[in-house]
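Undergrad: Below is the structure I would like to discuss, written out as structure tokens.
The values are calculated or read from the model by the stated rules, or taken from the named source; none is laboratory data. Keep in mind that this is a model prediction, so the values were computed, not measured. Don't worry about glycine lacking a Cβ; one is built from the backbone with ideal geometry, like all the others, and counts go over all protein chains shown.
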Number of protein chains: 2
Amino acid sequence: MPAKENLRPGGRSARVQASVHNAVRSLLKTMDRADVTIPLIAAEAGVTPSTIYRRWGELQELLADVAVERLRPDMLPIDTGSARGDLEVWTEQYCEEMSSGIGRDMMRDVLAAQDNANACKCDAFTREQIALIADRAHARGEAFPDIDAVMDGVVAPIIYRILFGDQPSIERVRNLVTDVLAATPTRQPQPASALISG
Amino acid sequence: MPAKENLRPGGRSARVQASVHNAVRSLLKTMDRADVTIPLIAAEAGVTPSTIYRRWGELQELLADVAVERLRPDMLPIDTGSARGDLEVWTEQYCEEMSSGIGRDMMRDVLAAQDNANACKCDAFTREQIALIADRAHARGEAFPDIDAVMDGVVAPIIYRILFGDQPSIERVRNLVTDVLAATPTRQPQPASALISG
DNA sequence: ACGCTAAAAGCAAATAATTTGCGTTAATGG
DNA sequence: CCATTAACGCAAATTATTTGCTTTTAGCGT
């Protein structure tokens, strides 16, 4: 039932895995995901279906496996010169990617799988990107919230809305960033006076 | 492909639906969800498999349909006498339910379905419960955050962690509640005059 | 480099799930 | 109460999945 990188990452196995992944990506471009079946993928990949069944168990696991690769960030967060700018730009891009049809589908695939290792990987990817922004901020001497604070304050609300309702507006996303940054510099309870003038 | 309450809610249809739902719940108690199949459910429910295929399309949709019913709140939020107490108690209970094995499975089922109507329903359930707490708070003259603020600040972080990593600790959950309540007074929703003129 | 061992792939037969056409039952509306 | 037709049941046809066995080949020791 497990997914992939367990044993024998050598030549043929790797080739088969790559071929199957490519087949999935290729098929998902052309057709509705409801019509993608394992025999179809096997034919496209030039392998026998039982290979896929034995390696991934179910279509869901294979889709999750492919999806997590596509969700892996392929570039560094853009450096805008300030922590606020970096986080704003990154957040907007992240939100756009995740709320697009493709992003939603991939997230569904990752969450639908029995094995939640892939979901954990996605979380790790996001944390890494934020950590990079945080490192840059600290190198500049700027304050920056804990990764967890950004996850709770920015990432979680965005993902929740995408999964359970509709797409978060760009305004709301900006507010999330503003709020989490506002809570940063003094990491202590805010005095009432500051709250009232807010 | 849609799920259920579309047409003909009359006698037999309702009976079949109830029977199938019961069969699913019953089977999920005894066996691993990976082993639950539509023919099995059909046998347990005393209906023919094609009925299930035509009505729900895939196992995933049926499971989502059953799951959303089980996620429907079955009681009012406990009244502790204060807004903070109400929200704390409700949040802890919610978190416990959702991070339990059953809660996770049901959430997965709801999110895995193609049709996201069920996911929206879950969101609506949660909002209703929070709205009840908010109403009580306002009736007592207490301030209470916007529903959206609670969703973003409390519910979303809990759900995100459950879905993408491990279970949030009770301490973190308490902090989430504390933070969202601390941020409240700025957005005081209703002056007393508004209530009177209603 | 060469051979050994076993993991991973292929093949094909057996089993199980899904789809589909058609006749039957029974809700709904007049 | 009758007409209409959505929803169900049944069974045959199709398609997907599992499984036993054989073949290929990666990983490892010599």
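Undergrad: Are any of the residues in the range B:36-53 within 11 Å of DNA strand D (Cβ to nearest atom), under 25 Å from the mean Cα position of the chain (by Cα) and either among the polar types (S, T, N, Q) or at pLDDT below 95 (or both)?
TA: Yes - at least one qualifying residue is present in the range B:36-53.
Undergrad: What single numbered condition from (1) modelled with pLDDT of 95 or more; (2) within 16 Å of DNA strand D (Cβ to nearest atom); (3) touching a helix residue (DSSP H, G or I) at 6+ places or on another chain (Cβ under 7 Å) fails to hold for A:ASP115?
TA: (1)
Undergrad: Kindly provide the set of residues from the range A:16-69 that are near DNA strand C (Cβ under 9 Å from one of its atoms), part of a loop (DSSP other than H, G, I, E, B) and either surrounded by 18 or more Cβ atoms within 10 Å (Cβ to Cβ) or within 14 Å of another protein chain (Cβ to nearest Cβ) (or both), ordered by number.
TA: A:VAL47
Undergrad: Kindly evaluate A:GLY81 against the criterion of being surrounded by fewer than 19 Cβ atoms within 10 Å (Cβ to Cβ), among the small types (Gly, Ala, Ser) and not in a helix (DSSP H, G or I).
TA: yes
Undergrad: Filter the range A:162-180 down to the residues that are in a helix (DSSP H, G or I) and charged (D, E, K, R), then identify the one that is farthest from B:LEU176 (Cα to Cα).
TA: Checked the range A:162-180; the qualifying residue farthest from B:LEU176 (Cα to Cα) is A:GLU171.
Undergrad: Does the range A:65-76 contain any residue that is within 16 Å of DNA strand D (Cβ to nearest atom) and either closer than 20 Å to B:ALA112 by Cα or touching a Ser or Thr at 6+ places or on another chain (Cβ under 6 Å) (or both)?
TA: Yes; the residues of the range A:65-76 include at least one that is within 16 Å of DNA strand D (Cβ to nearest atom) and either closer than 20 Å to B:ALA112 by Cα or touching a Ser or Thr at 6+ places or on another chain (Cβ under 6 Å) (or both).
Undergrad: Residue by residue through the range A:70-94, note down the ones that are hydrophobic (A, V, I, L, M, F, W, C) and within 14 Å of chain B (Cβ to nearest Cβ).
TA: A:LEU71
Undergrad: Pairs please, first residue from the range B:117-135 and of a type in the set (S, T, N, Q), second anywhere and in a helix (DSSP H, G or I), Cβ atoms under 6 Å, 6+ apart in sequence or on different chains.
TA: Listed by first residue and then by second, the contacts come to B:ASN118/B:ALA64; B:ASN118/B:VAL68; B:ASN118/B:VAL110; B:THR126/B:VAL155.
Undergrad: Would you check if there is a residue in the range A:123-143 being under 21 Å from A:ILE162 (Cβ atoms) and part of a loop (DSSP other than H, G, I, E, B)?
TA: Checking the range A:123-143: not a single residue is under 21 Å from A:ILE162 (Cβ atoms) and part of a loop (DSSP other than H, G, I, E, B).
Undergrad: Then there is this: Please go through (1) farther than 30 Å from A:ARG55 by Cβ; (2) touching a Leu at 6+ places or on another chain (Cβ under 7 Å) for A:LEU111 and return the number of the only condition it doesn't satisfy.
TA: Going through the list (1) farther than 30 Å from A:ARG55 by Cβ; (2) touching a Leu at 6+ places or on another chain (Cβ under 7 Å), A:LEU111 breaks only (1).
Undergrad: Only one of (1) over 17 Å from B:PRO77 (Cβ atoms); (2) of a type in the set (Gly, Ala, Ser); (3) more than 11 Å from chain A (Cβ to nearest Cβ) is not met by B:ALA131, so which one is it?
TA: Here B:ALA131 meets the rest and fails (1).
Undergrad: Return the only residue of B:ARG33, B:ARG12 being within 14 Å of DNA strand D (Cβ to nearest atom) and within 25 Å of the chain's Cα centre (by Cα).
TA: B:ARG33
Results for (1) more than 15 Å from the chain's Cα centre (by Cα); (2) of a type in the set (Phe, Trp, Tyr), shown as yes or no for each residue.
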position	(1), (2)
B:GLU61	yes, no
B:GLU88	yes, no
B:GLU92	no, no
B:ASP123	no, no
B:ARG127	no, no
B:PHE144	yes, yes
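Undergrad: If you don't mind, another one. Exactly one of these conditions fails for A:SER169: (1) surrounded by fewer than 17 Cβ atoms within 10 Å (Cβ to Cβ); (2) modelled with pLDDT of 95 or more; (3) not basic (Lys, Arg). Give me its number.
TA: If we test A:SER169 against (1) surrounded by fewer than 17 Cβ atoms within 10 Å (Cβ to Cβ); (2) modelled with pLDDT of 95 or more; (3) not basic (Lys, Arg), just (2) comes out false.
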